[in-house]
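The values are calculated or read from the model by the stated rules, or taken from the named source; none is laboratory data. Keep in mind the model is a prediction, meaning the values are calculated, not measured. Cβ atoms come from the backbone with ideal geometry, glycine included; neighbour counts cover every protein chain shown. Side chains included, ligands, DNA and RNA excluded: accessible areas come from the protein's heavy atoms. Shrake-Rupley method; radii C 1.70, N 1.55, O 1.52, S 1.80 Å.
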Amino acid sequence: MRQAVVQDLTAVVRDARAGDELAWRELVQVYGPRLRAIARRFRIPPDQAGDLLQATWLQLVNGIDRLQCPEAVGSWLAVTMRRFCLQAVAGRERECPVTGLDEWLTQPGDAPEASLLRAEQAASVRRALARLPERQRRLLWQLATDPDARYTEISARLDIPVGAIGPTRARALGRLRRLLRDEERARL
(Lines give C-alpha, C1' and ligand atoms only; values in the text may rest on other atoms or scores of the structure.)
Protein backbone atom coordinates (compact mmCIF):
# COMPACT_ATOMS: atom_id res chain seq x y z
CA MET A 1 0.00 0.00 0.00
CA ARG A 2 2.87 2.39 0.77
CA GLN A 3 4.30 1.90 -2.71
CA ALA A 4 0.91 2.80 -4.24
CA VAL A 5 0.87 6.10 -2.36
CA VAL A 6 4.41 6.92 -3.39
CA GLN A 7 3.82 5.92 -7.02
CA ASP A 8 0.53 7.81 -7.44
CA LEU A 9 0.55 10.44 -4.73
CA THR A 10 -1.22 12.97 -6.93
CA ALA A 11 -4.21 10.63 -7.26
CA VAL A 12 -4.31 9.97 -3.50
CA VAL A 13 -4.26 13.70 -2.73
CA ARG A 14 -6.93 14.32 -5.37
CA ASP A 15 -9.11 11.60 -3.80
CA ALA A 16 -8.51 13.04 -0.32
CA ARG A 17 -9.62 16.46 -1.61
CA ALA A 18 -12.81 14.80 -2.81
CA GLY A 19 -13.39 13.43 0.72
CA ASP A 20 -12.34 9.82 0.09
CA GLU A 21 -11.78 8.30 3.53
CA LEU A 22 -9.48 5.57 2.18
CA ALA A 23 -7.21 8.20 0.64
CA TRP A 24 -6.99 10.00 3.97
CA ARG A 25 -6.18 6.72 5.71
CA GLU A 26 -3.39 6.09 3.21
CA LEU A 27 -1.92 9.53 3.84
CA VAL A 28 -2.08 9.00 7.60
CA GLN A 29 -0.55 5.53 7.32
CA VAL A 30 2.35 6.73 5.19
CA TYR A 31 3.09 10.10 6.80
CA GLY A 32 1.94 9.53 10.39
CA PRO A 33 5.17 7.75 11.49
CA ARG A 34 7.30 10.49 9.92
CA LEU A 35 5.37 13.18 11.77
CA ARG A 36 5.70 11.30 15.08
CA ALA A 37 9.43 11.04 14.47
CA ILE A 38 9.61 14.83 14.08
CA ALA A 39 7.87 15.27 17.44
CA ARG A 40 10.33 12.82 19.05
CA ARG A 41 13.29 14.80 17.68
CA PHE A 42 11.85 17.87 19.40
CA ARG A 43 11.41 15.80 22.59
CA ILE A 44 7.69 16.51 22.67
CA PRO A 45 5.91 14.32 25.27
CA PRO A 46 3.69 11.66 23.64
CA ASP A 47 0.40 13.18 24.83
CA GLN A 48 1.35 16.61 23.46
CA ALA A 49 2.73 15.02 20.27
CA GLY A 50 -0.69 13.53 19.63
CA ASP A 51 -2.25 16.99 19.88
CA LEU A 52 0.34 18.46 17.51
CA LEU A 53 -0.16 15.58 15.09
CA GLN A 54 -3.90 16.20 15.14
CA ALA A 55 -3.36 19.93 14.54
CA THR A 56 -1.09 19.14 11.59
CA TRP A 57 -3.68 16.86 9.97
CA LEU A 58 -6.38 19.45 10.62
CA GLN A 59 -4.26 22.04 8.82
CA LEU A 60 -4.06 19.70 5.84
CA VAL A 61 -7.80 19.04 5.92
CA ASN A 62 -8.46 22.79 5.90
CA GLY A 63 -5.80 23.59 3.31
CA ILE A 64 -5.72 20.62 0.96
CA ASP A 65 -7.64 22.56 -1.69
CA ARG A 66 -4.89 25.20 -1.71
CA LEU A 67 -2.09 22.62 -2.03
CA GLN A 68 -0.64 23.47 -5.44
CA CYS A 69 1.81 20.60 -5.70
CA PRO A 70 0.18 17.36 -4.47
CA GLU A 71 3.43 15.39 -4.66
CA ALA A 72 4.87 17.76 -2.02
CA VAL A 73 2.27 16.83 0.58
CA GLY A 74 4.91 15.01 2.65
CA SER A 75 7.15 18.06 2.79
CA TRP A 76 4.18 20.28 3.58
CA LEU A 77 3.16 18.01 6.46
CA ALA A 78 6.73 17.88 7.81
CA VAL A 79 7.13 21.67 7.74
CA THR A 80 3.75 22.16 9.42
CA MET A 81 4.58 19.62 12.14
CA ARG A 82 7.98 21.26 12.75
CA ARG A 83 6.31 24.65 13.15
CA PHE A 84 3.85 23.26 15.70
CA CYS A 85 6.73 21.58 17.56
CA LEU A 86 8.73 24.82 17.61
CA GLN A 87 5.72 26.66 19.03
CA ALA A 88 5.32 23.99 21.71
CA VAL A 89 9.00 24.16 22.66
CA ALA A 90 8.90 27.96 22.77
CA GLY A 91 5.84 27.76 25.01
CA ARG A 92 7.69 25.47 27.43
CA GLU A 93 10.53 27.96 27.70
CA ARG A 94 8.12 30.78 28.58
CA GLU A 95 6.53 28.82 31.41
CA CYS A 96 6.94 30.31 34.85
CA PRO A 97 8.59 27.64 37.01
CA VAL A 98 7.33 29.05 40.31
CA THR A 99 3.57 28.95 39.94
CA GLY A 100 1.25 28.39 42.85
CA LEU A 101 3.53 29.77 45.57
CA ASP A 102 0.76 32.09 46.83
CA GLU A 103 -1.28 28.99 47.59
CA TRP A 104 1.52 27.74 49.85
CA LEU A 105 1.61 30.94 51.89
CA THR A 106 -0.50 30.84 55.01
CA GLN A 107 -3.58 33.00 54.73
CA PRO A 108 -5.49 34.23 57.78
CA GLY A 109 -8.38 31.94 58.51
CA ASP A 110 -6.94 29.00 56.52
CA ALA A 111 -8.37 25.66 57.45
CA PRO A 112 -5.90 23.32 59.20
CA GLU A 113 -5.89 20.95 56.23
CA ALA A 114 -4.76 23.80 53.95
CA SER A 115 -1.55 24.31 55.93
CA LEU A 116 -1.05 20.53 56.02
CA LEU A 117 -1.44 20.43 52.24
CA ARG A 118 1.09 23.26 51.84
CA ALA A 119 3.51 21.42 54.10
CA GLU A 120 3.13 18.24 52.00
CA GLN A 121 3.69 20.21 48.80
CA ALA A 122 6.80 21.87 50.23
CA ALA A 123 8.11 18.46 51.33
CA SER A 124 7.48 17.09 47.82
CA VAL A 125 9.46 19.96 46.30
CA ARG A 126 12.32 19.43 48.78
CA ARG A 127 12.42 15.68 47.99
CA ALA A 128 12.43 16.37 44.25
CA LEU A 129 15.17 19.00 44.62
CA ALA A 130 17.27 16.51 46.58
CA ARG A 131 17.08 14.09 43.65
CA LEU A 132 18.48 16.62 41.17
CA PRO A 133 22.17 16.46 40.24
CA GLU A 134 24.29 18.74 42.47
CA ARG A 135 25.04 21.25 39.71
CA GLN A 136 21.35 21.69 38.84
CA ARG A 137 20.32 21.88 42.49
CA ARG A 138 22.93 24.56 43.27
CA LEU A 139 21.92 26.58 40.20
CA LEU A 140 18.22 26.52 41.08
CA TRP A 141 19.09 27.49 44.66
CA GLN A 142 21.10 30.50 43.43
CA LEU A 143 18.34 31.59 41.08
CA ALA A 144 15.67 31.22 43.77
CA THR A 145 17.57 32.93 46.58
CA ASP A 146 18.99 35.77 44.48
CA PRO A 147 16.57 36.35 41.58
CA ASP A 148 18.20 39.67 40.66
CA ALA A 149 21.68 38.20 40.25
CA ARG A 150 23.21 38.49 36.80
CA TYR A 151 24.31 35.37 34.97
CA THR A 152 27.91 36.58 35.19
CA GLU A 153 27.66 36.63 39.01
CA ILE A 154 26.08 33.18 39.12
CA SER A 155 28.72 31.92 36.70
CA ALA A 156 31.47 33.12 39.01
CA ARG A 157 29.82 31.70 42.15
CA LEU A 158 29.13 28.26 40.71
CA ASP A 159 31.98 28.00 38.20
CA ILE A 160 29.52 27.42 35.35
CA PRO A 161 29.99 29.07 31.94
CA VAL A 162 27.49 31.89 31.39
CA GLY A 163 26.21 30.19 28.23
CA ALA A 164 25.43 27.00 30.16
CA ILE A 165 23.25 28.64 32.82
CA GLY A 166 20.07 28.94 30.72
CA PRO A 167 20.17 25.39 29.31
CA THR A 168 21.13 23.92 32.70
CA ARG A 169 18.26 25.83 34.32
CA ALA A 170 15.83 24.55 31.66
CA ARG A 171 16.99 20.94 32.14
CA ALA A 172 16.78 21.27 35.93
CA LEU A 173 13.26 22.68 35.85
CA GLY A 174 12.14 20.04 33.38
CA ARG A 175 13.58 17.28 35.56
CA LEU A 176 12.03 18.86 38.67
CA ARG A 177 8.61 18.96 36.98
CA ARG A 178 8.92 15.29 35.97
CA LEU A 179 9.97 14.26 39.48
CA LEU A 180 7.04 16.13 41.03
CA ARG A 181 4.63 14.68 38.46
CA ASP A 182 5.96 11.15 39.12
CA GLU A 183 5.59 11.61 42.86
CA GLU A 184 2.04 12.87 42.41
CA ARG A 185 1.16 9.86 40.25
CA ALA A 186 2.71 7.51 42.81
CA ARG A 187 0.45 8.97 45.50
CA LEU A 188 -2.69 8.37 43.44
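Take the conditions (1) outside any loop (DSSP other than H, G, I, E, B); (2) open to solvent by less than 60 Å² (accessible area, probe 1.4 Å); (3) at pLDDT 90 or above; (4) not small (G, A, S); V89 misses just one of them, which is (3). Of everything listed in (1) modelled with pLDDT under 90; (2) in contact with an Asp or Glu (Cβ under 9 Å, 6 or more places away or on another chain), the single unmet condition for V12 is (1).
Entry remark, region 36-56: residues being part of a helix (DSSP H, G or I) and open to solvent by 60 Å² or more (accessible area, probe 1.4 Å) number 7 in total. Considered as a group, the residues in region 24-41 that are touching a Lys or Arg at 6+ places or on another chain (Cβ under 8 Å) and of a type outside the set (S, T, N, Q) include one that is nearest to V79 (Cα to Cα), and that residue is I38.
Could you say whether any residue in region 57-65 is open to solvent by 50 Å² or more (accessible area, probe 1.4 Å) and not in a helix (DSSP H, G or I)? Within region 57-65, not a single residue is open to solvent by 50 Å² or more (accessible area, probe 1.4 Å) and not in a helix (DSSP H, G or I).
Looking across region 71-86, the residues that are in contact (Cβ under 8 Å) with a residue 12 or more places away in the chain and either under 24 Å from the mean Cα position of the chain (by Cα) or surrounded by fewer than 17 Cβ atoms within 10 Å (Cβ to Cβ) (or both) come down to E71, G74, W76, L77, A78, T80, M81, R82, F84, C85, L86. For region 11-35, a tally of residues being of a type in the set (A, V, I, L, M, F, W, C), open to solvent by less than 60 Å² (accessible area, probe 1.4 Å) and under 14 Å from V61 (Cα atoms) returns 6.
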